[in-house]
Amino acid sequence: MAESVTYLGTWWLPKDSTMDDVRKRPVGILTIYENGRCELELHNNNIVAGELQYIDVLWGQDSRGVNYSLFNLECRKWSHIVKYVAQYVFQGLLIDSITSPLFKKCNVAYAYLYEWTGTNMMSVPNDYNNKKITINYGKENVHIQGELDQGVHYKVTDYIGYSTNKTNLNAQFMTKFQIVSPKSLSIGNFIDYVQEFTQFLSLALFSKQYPSALYFLRENDEYGFRLFVEIPPSNKPSFKAVIPMMILKKEIPSFINNFHAKYDNISILTKRLIESTKISEFDASDFTIIAQALEGYYYRFLKVGKQKFKEIIEHFSDVKLVVDCNIDLKELKDSRDLYSHFYEEKAGDKIAKGYKLFMLTQKCKVLLTCCILEQLGMTHEMMNNILPDSIINVIVYNIMKYEKRLPKVKTSTNK
């Protein structure tokens, strides 16, 4: 399992008056793994004398005096040592619920956010022994900023943090996403905003992204309190962004606002597209997911006639990469009917199978990407300018390369 940090401490139920005496509190070890998974092993286990399989909230304090609030604990092992897995661990404060409105700011780190912003990392002179190095601590470089809801603002910013001891100075360059609210919000409220931005960032980089660290601050807090939650690692982007920061910096705040306003309708479509970017194995169900997402787009945003796929393709007939995909409408419709609706294959049907079905799915992903980008506010002209430098162009290139290798179908004419 991943690397971990352990904290020895005492743990108790918040409303258990028998735990007021510190000496009666169970001793246990909290283990937080690198991926955020949190496990608690309890020893003198009178806390679960009633065999609590599930605990809503548990408080603790480690040997250094740091407080912890653990939420949604599930028992995984019963013996002399009882092990619980917690969904959330909040480090630094004793709080009753993740729905309590206590915080006004949330700072979020992402492993590859700096790749989206195009930030240059810190550089040190080669002859650093004879040169002065200046660290502009606390000075932020704001890339984008805007308002999500009334008074709730966000920004993506670079800053430099540092720590010192008697002999060393350690400086760290960081890019973060920050949400600030004029009124106190709960951890759950902030997580909702974070999930939205995470999906937007995944779309922008066309690779699945996850937060790597979350910190929450109250009115006058100088430093944040960290929330631990098990989160998968982000996928490193392989190509230029679909929504490049350096080129569309002025437009991106508007894109984010549109995404926020339409989130309930567009999030499932975006999720299906982003999930398709990390498929290691392919089968017909992967095709149906994208095909159904296209149908969902049609019913939610287009719906101008009865021929769903035809109308979507014609709607983007001025986007070059969609045209280059050369989507066969009958093949798309017949394949969708067979794999999605479980219709029986009939004579005259044009069904994509095997690698050809994979390529049809790739074509549909290109089309779905354009559908979502349009809902964010990207014009077709922008798509023609931006997408040729993105991974979408690589997908289309591979499609065209594959189809050039296909045998030419000879047609006969009756004389």
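Every number in this text was worked out from the coordinates using simple rules, so none of it is lab data. All values derive from a computational prediction rather than experimental measurement. With ideal geometry, Cβ positions are generated from the backbone for all residues, glycine too; neighbour counts draw on all protein chains shown.
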Task: Expected 222 nm ellipticity per residue - DSSP helices of 4 or more, -39500 (n - 2.57), all of the chain, to 500 - done: -10000 deg cm²/dmol
TODO: Place the peptides 394-406, 284-296 in order of packing, highest mean first, counting for every residue the other Cβ atoms within 10 Å and averaging per peptide.
DONE: 284-296, 394-406
- [ ] Classify segment 51-106 as rounded, prolate or oblate, taking a ≥ b ≥ c as the square roots of the eigenvalues of its Cα gyration tensor: rounded when a/c is under 1.5, otherwise prolate if a/b is larger than b/c and oblate if not.
- [x] oblate
Open item on the list: For segment 64-106, which chymotrypsin sites (Phe, Trp or Tyr not before Pro) pass both filters: DSSP loop (anything but H, G, I, E, B) and at most 14 other C-beta atoms within 10 Å?
Closed with: Trp78
TODO: Pull out a ≥ b ≥ c, the square roots of the eigenvalues of the alpha-carbon gyration tensor of segment 272-415, then state rounded if a/c is under 1.5, prolate if not and a/b is larger than b/c, and oblate in the remaining case.
DONE: rounded
- [ ] Just name one of Leu332, Val304, Leu52: the one whose Cα is farthest towards the positive end of the charge dipole of the chain (beta-carbon charges, Lys/Arg +1, Asp/Glu -1).
- [x] Leu332
- [ ] Identify which of the listed values of Cα extents along the principal axes in Å was calculated from the structure shown: (i) 101, 64, 43; (ii) 59, 47, 36; (iii) 120, 70, 54.
- [x] (i)
TODO: May I ask you to list, by number, the DSSP H helices of the chain whose Cα span along the axis is at least 15 Å and whose average Kyte-Doolittle hydropathy reaches 1.0 or more?
DONE: none
- [ ] Mind putting a number on the dipole of the chain about its Cα centre? Charges go on the C-beta only, +1 for Lys and Arg and -1 for Asp and Glu, and I need it in Debye to the nearest 20.
- [x] 1120
Open item on the list: For the ranges 190-203, 254-267, what's the packing order if you count other beta-carbon atoms within 10 Å of each residue, average per peptide, and put the highest first?
Closed with: 190-203, 254-267
Task: Packing-based order for 372-385, 218-231, using average beta carbon neighbours within 10 Å, highest first - done: 372-385, 218-231
Task: Theoretical FRET efficiency, 1/(1+(r/R0)^6), r = Cβ-Cβ of Asn385 and Lys278, R0 25 Å, to 0.05 - done: 0.40
